[in-house]
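Since the structure comes first, as structure tokens, the remarks are kept for the end.
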Amino acid sequence: MEATLKMRQLTWRTIIFIVGLLIMSFGIVLLIEADLGSAPWDVLNIGLYYQLGLTIGSWTIIVGFFVLFASAVLSKSIPQIGAFLNMLLVGIFIDLFLMMPYIKTPPTLLGKEVMFLLGLIIMAYGMGFYISAKLGAGPRDSLMLVLSQKLGWRISTTRFFMEAAVLFSGWLMGGPVFWGTVAYAVIIGKIAGFSIPQCQKWTDLLLTNVKKSHHRHKKIANNRSA
């Protein structure tokens, strides 16, 4: 019966994880379509798309693969399954949302700003849900943690230099760098500071209810067999 409980909880964690990635990908696409400047890694993916073709989602997967590979080599360990799912699904979801005809750049500056702000909030809550599932960090976070350990730097310092290098590379290839890129760097952490604890609380509550439901059914089954 305990194995059944673990399977049910894993199923719900997987659902929350995938839904979180879907929400986060939608937020990423809103930021892209707002055309006010994208997040550093999206600047790189868009720059690669401009220079080499394919799709933005395809480059999200390709770049994610190389980042995950580098992380695995440096840490000498196999990444968790969640890291692979993150790499693959975010790229697929981004392309699916970009193909939707009604997600387009607004004609006015106010419309772009509203879309950008919505993108930040939606992305932060998507991050919160996928992180709350605890199925493994994404490729970038995995590499950040490994580099921080290897170099002896603080995580914040490691992340800064990683994102600065990625942003510069993407900018050289024509990726969209504008004031929104700076706004993203300043605001996303603050929003995530609210979204991640909230999503973790909701996920924990759901898993607790799943556990209670399992024990309730177990008790009923035991009473019937007695």
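The single condition from (1) at pLDDT below 85; (2) in a loop (DSSP other than H, G, I, E, B) that Ala83 fails is (2). In the list Leu88, Leu52, Leu120, which residue meets the criterion of being within 16 Å of the chain's Cα centre (by Cα) and open to solvent by 50 Å² or more (accessible area, probe 1.4 Å)? Going through Leu88, Leu52, Leu120 in turn, just one is within 16 Å of the chain's Cα centre (by Cα) and open to solvent by 50 Å² or more (accessible area, probe 1.4 Å): Leu88. Can you tell me which residues in region 185-195 are within 23 Å of Phe161 (Cβ to Cβ) and open to solvent by 40 Å² or more (accessible area, probe 1.4 Å)? If the condition is that a residue be within 23 Å of Phe161 (Cβ to Cβ) and open to solvent by 40 Å² or more (accessible area, probe 1.4 Å), then Ala185, Val186, Ile187, Gly189, Lys190, Gly193 are the ones that fit. Filtering Val114, Val67, Val73 for residues that are in a helix (DSSP H, G or I) and at pLDDT 90 or above leaves a single hit, Val114. If only residues of region 164-183 that are within 16 Å of Trp59 (Cβ to Cβ) and in a loop (DSSP other than H, G, I, E, B) are counted, the one that is least open to solvent (accessible area, probe 1.4 Å) is Gly175. Within region 57-69, residues that are touching a residue at least 12 places away in the same chain (Cβ under 8 Å) and more than 13 Å from Asp42 (Cβ to Cβ) have Cβ atoms under 7 Å from residues that are charged (D, E, K, R) and crowded, with 22+ Cβ neighbours inside 10 Å in these pairs: Val67/Arg140, counting only partners at least 6 apart in sequence or on another chain. Residue count for region 19-32 under the criterion of being farther than 16 Å from Gly57 by Cβ and open to solvent by 60 Å² or more (accessible area, probe 1.4 Å): the result is 1. From the list Lys150, Lys134, the lone residue that is of a type in the set (Lys, Arg) and not in a helix (DSSP H, G or I) is Lys134. Across region 91-107, which residue is most open to solvent (accessible area, probe 1.4 Å) among those that are part of a loop (DSSP other than H, G, I, E, B) and touching a residue at least 24 places away in the same chain (Cβ under 8 Å)? Once the filter is applied, the top-ranked residue is Lys104. Among the residues of region 33-49, just one is open to solvent by 10 Å² or more (accessible area, probe 1.4 Å) and in a loop (DSSP other than H, G, I, E, B), namely Asp35.
The set of residues in region 56-80 that are over 17 Å from Val146 (Cα atoms) and either open to solvent by 50 Å² or more (accessible area, probe 1.4 Å) or of a type in the set (Phe, Trp, Tyr) (or both) comprises Trp59, Ile62.
The values are calculated or read from the model by the stated rules, or taken from the named source; none is laboratory data. The model shown is predicted, which means the values in this text are computed figures rather than measured ones. A quick note on method: Cβ atoms are made from the backbone with ideal geometry, for glycine too, and the neighbour counts reach across all protein chains shown. When the accessible area is computed, the model is the full protein with side chains, heavy atoms only, and any ligands, DNA or RNA have been set aside. Shrake-Rupley method; radii C 1.70, N 1.55, O 1.52, S 1.80 Å.
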